[in-house]
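For reference, the structure discussed in these notes is given below.
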Amino acid sequence: RIAIEAGLPAYAECGGLMYLSRSITWKGRTARMVGAIPGDAVMHERPVGRGYVHLQPTLAMPWPGVGLGPLRGHEFHHSSLDNLDPGVAFAYRVQRGQGVDGTHDGVLVHNLLASYAHLRSGAGSSWTTQFVAFVRAQRHCFQ
């Protein structure tokens, strides 16, 4: 959490998003988590999001070069992210899938991007290259 608040670039998918949230609630029990994401993961009996996703990067997307077309991947999560701070920016607009709220995915906090989507890195998607370029561009902050 300290590193994320200091601006260290970080990326998290699904379980990582849940781990970085304030808490996880399951079957009436709540456990504190890292607290880097201002929201609470709540587990449900049935899947909240399941299947292929198409995500269109928003203007808030911090990685250079991402945004030419939709990113593709999949999601399979039994949790929702509740009580999310309304001021949180999102990296993606959901074209297909559920994401965080049915419309958005990719919570942005400092230089952290955390989403429910598991992005594909093949078939013409260069998001991994763009993320590495973003990390390299931020390294001056940590030397």
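The values are calculated or read from the model by the stated rules, or taken from the named source; none is laboratory data. Everything numeric here is computed off the predicted structure, so don't read it as measured data. Cβ placement follows ideal geometry from the backbone for every residue including glycine, while neighbour counts extend to all protein chains displayed. Just so you know, the surface numbers come from the protein's heavy atoms only, side chains and all, with ligands and any DNA or RNA stripped out. Shrake-Rupley method; radii C 1.70, N 1.55, O 1.52, S 1.80 Å.
Using a cut-off of 13 Å between beta-carbons, work out the net charge of the residues near F90 (Lys and Arg +1, Asp and Glu -1, F90 not included). Provide the component values of the computation, followed by the final result.
Numbers: positive: R93; negative: D85, D101, D105.
Summing Lys/Arg as +1 and Asp/Glu as -1 gives -2.
With unit charges on the beta carbons (Lys and Arg positive, Asp and Glu negative) and the dipole taken about the Cα centre of region 1-66, which residue among C14, A3, H54 sits farthest to the positive side?
C14
Counting only protein heavy atoms and using a 1.4 Å probe, what share of the accessible area of region 1-59 belongs to carbon plus sulfur, as a whole percent?
In region 1-59, the share of accessible area belonging to carbon and sulfur is 55 percent.
Residues of the chain: accessible area per residue at 1.4 Å, in Å²?
55 Å²
Given Cα pairs under 8 Å that are at least 6 residues apart, what percent is the relative contact order of the chain? Write down the numbers at each step before the final one.
Working: 318 pairs, mean separation 38.7, N = 143.
After rounding, I find 27 percent.
Could you work out the relative contact order of region 1-45, using alpha carbon pairs under 8 angstrom and six or more residues apart, expressed as a whole percent?
35 percent
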